[in-house]
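Have a look at the structure below, then the notes.
The values are calculated or read from the model by the stated rules, or taken from the named source; none is laboratory data. No experiment lies behind these values; they were computed from the predicted model shown. Here the Cβ positions follow ideal geometry from the backbone for every residue, glycine too, while neighbour counts run over all protein chains shown. Heavy atoms of the whole protein, side chains included, go into the accessibility calculation; ligands, DNA and RNA do not. Shrake-Rupley method; radii C 1.70, N 1.55, O 1.52, S 1.80 Å.
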Amino acid sequence: HQPPLITLYIILLFAALAAGWLMTLLSMPGNWVMIAAAAVYAYFIPDESRFDISWTTIGILIGLALLAEVLELAAGALGAARAGGSKRGAVLAAIGSMIGALAGALVGVPIPLVGSVIAAILFAGLGALAGAMLGESWKGRGLEESWKVGQAAFWGRLLGTLAKTTIASAMLALAVVAAFVHFL
């Protein structure tokens with residue numbers, strides 16, 4: 001026999017997972033929000049429930065989130081470092097990326113979901129480019145060198161965001177399937 005509020009718990013879990021996925025897309029710590037939501041759900045749903053999520057699943061989600069962080073960081077850092085970027089350029093690229101992702105999500109609103117997703121990813125890269133160029137210019141580098149570092153930051157951020165969002169999608173799917181695994 002299931003608790004009467006199980007449907008509400010499942011809806012809240014799915015809403016938190018979707019919000020976490022969207023946060024990840026916008027360069028925020030959404031993967032960790034998804035883990036927290038799944039862990040709270042796992043804690044409160046009894047193990048004997050057919051809708052429980054196991055702690056093994058939570059461990060897998062944590063592993064995936066760590067992998068996503070490593071890939072995102074490595075892509076961004078390698079891109080800027082290969083082009084000779086400074087720490088200042090890297091920090092401003094990260095800030096520009098977050099601002100760009102938020103702006104892109106708003107710009108893409110007229111095209112439901114897909115427009116916001118594509119625009120957020122593209123604008124995150126453009127924000128990284130602008131931030132890196134600003135940082136390198138501030139450091140005293142010329143336009144050509146700043147542009148080179150900015151381009152590397154753009155591609156690194158784009159690849160890092162795509163990798164992290166892909167892993168976030170896998171995390172979302174895993175958590176949803178795990179909540180219904182007893183049906184399979």
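Six or more apart or on different chains, Cβ under 7 Å: which pairs go from a residue in the range 115-131 that's farther than 16 Å from residue 72 by Cβ to one that's in a helix (DSSP H, G or I) and among the polar types (S, T, N, Q)? Could you list them?
Note: pairs meeting the criteria are 129/151.
Given (1) surrounded by 20 or more Cβ atoms within 10 Å (Cβ to Cβ); (2) under 21 Å from residue 168 (Cα atoms); (3) at pLDDT below 90, identify the lone condition not met by residue 112.
Only one criterion in (1) surrounded by 20 or more Cβ atoms within 10 Å (Cβ to Cβ); (2) under 21 Å from residue 168 (Cα atoms); (3) at pLDDT below 90 is unmet by residue 112, namely (1).
What pairs come up if the first residue lies in the range 164-177 and is without any contact (Cβ under 8 Å) to a residue 12 or more places away in the chain, the second is assigned to a helix (DSSP H, G or I), and their beta carbons are under 8 Å apart, counting only those six or more places apart or on different chains?
none
Please give the helices (runs of 4 or more DSSP H) falling wholly within the range 28-136 in which 1 or more residues are charged (D, E, K, R).
Result: 55-82, 87-107.
With surrounded by 14 or more Cβ atoms within 10 Å (Cβ to Cβ), among the hydroxyl-bearing types (Ser, Thr, Tyr) and over 13 Å from residue 167 (Cβ atoms) as the only criterion, which of 57, 7 stands out?
57
Can you report the number of residues in the range 61-102 which are open to solvent by less than 40 Å² (accessible area, probe 1.4 Å) and either acidic (Asp, Glu) or closer than 21 Å to residue 147 by Cβ (or both)?
Residues flagged as open to solvent by less than 40 Å² (accessible area, probe 1.4 Å) and either acidic (Asp, Glu) or closer than 21 Å to residue 147 by Cβ (or both) within the range 61-102 amount to 15.
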